[in-house]
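Accompanying notes for the structure given below.
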Amino acid sequence: MHLNNYTLGEYTPGAPVWKQLLWFFIGDPVVRSRLLPVSSVKVWMLRSFGAAIGQGVRIKPGVRVKFPWRLTIGNHCWIGENAWFDNLAPIVLGDHICVSQSVYFCTGNHDWTAATFDLHVAPITVESGSWLAARSTIAPGVQIGEGAVLSLGSVAARSLSPWTIYAGNPAVAIKPRVIKNSFSSAELLAPS
């Protein structure tokens, strides 16, 4: 590799420099704050910088968002401590999603075969009813199917099928996800 020849190519952060600086110095510290554990203030700040966030979203302390203007979160989602949305490309979460502690969303990677170490970005989509357990990682371009579970510390390097539990690095399907109550999957995911 010759990192002195590295360029961003066609990639842009998606916002003017002034907005990036305001986010860095004002928005990001508020969203990350451990001294301000109030979700509504964090949601308001993210929305103020262009994030699309639904109703009933809970955001814990320590959450990192690189670019809020590339973040969409549906209704009734829980975002755990130290979750990191490294969103060089869009990240879209459906409704009723649990993102546990220290989950890492990685939307960018580099071409290790190129002498210039070119940047490649791809969006991440998580469909409704999914659970991303603590310290799990989602790679660029991955789609997590409806109701899927990515277990503790697992790495989703490829898209995950709906209503399936995955574990490992790389994550592999281990069994179907079955909800053990009287609600149907449609009822569980219906807007409230």
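Any read-out appearing in this document is the output of simple, stated calculations on the displayed coordinates, not a laboratory observation. Not measured: the values here are computed from a predicted model. Don't worry about glycine lacking a Cβ; one is built from the backbone with ideal geometry, like all the others, and counts go over all protein chains shown.
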Estimated D of segment 16-159 in µm² per second, where Rh is the Kirkwood radius over Cα pairs and Stokes-Einstein applies at 20 °C, 1.002 mPa s: 141 µm²/s
Suppose we keep just the DSSP beta bridges with both residues in the chain; what percent of those would be antiparallel, to 5? 20 percent
Approximate shape of segment 1-50 as ellipsoid semi-axes (Cα gyration tensor, √5λ), whole Å, largest first: 30, 13, 9
Along each of the three principal axes of the Cα atoms of segment 1-98, give the extent in whole Å, ordering the values from largest to smallest. 45, 27, 23
Springs between alpha-carbon pairs under 10 angstrom, Gaussian network model over the chain: which of H76, H120, H96 fluctuates most? H120
Taking loop as defined by DSSP and a crowding limit of 16 other beta carbons within 10 Å, which chymotrypsin sites (Phe, Trp or Tyr not before Pro) in segment 52-133 fit? W112, F117
Roughly how many Å is it from the Cα centre of segment 108-149 to that of segment 80-97, as a whole number? 10 Å
Rounded to the nearest 500, the 222 nm mean residue ellipticity computed for the chain from DSSP H runs (n ≥ 4, each -39500 (n - 2.57)) alone is -3000 deg cm²/dmol
Test item: Cα-centred dipole of the chain, Lys/Arg +1 and Asp/Glu -1 on Cβ, debye: 540 debye
Share, in percent, of DSSP beta bridges within segment 49-127 that are antiparallel, nearest 5: 15 percent
Can you tell me how much longer the chain between I174 and T113 gets when fully stretched, taken as 0.36 nm per residue apart minus their C-alpha distance, in nm with one decimal? 18.7 nm
Which of T7, V17, V31 sits farthest toward the positive end of the charge dipole of the chain, with +1 on the Cβ of Lys and Arg and -1 on the Cβ of Asp and Glu? V31
Only sites in a loop by DSSP and with at most 13 other Cβ atoms within 10 Å count here; which trypsin sites (Lys or Arg not before Pro) in segment 1-69 make the cut? R34
Most fluctuating of N87, N109, N75 in the GNM of the chain (C-alpha, under 10 Å) is N109
Binning at 10 angstrom from zero up to the longest distance, how are the C-alpha pair distances of segment 119-160 distributed in percent? 33, 57, 10, 0
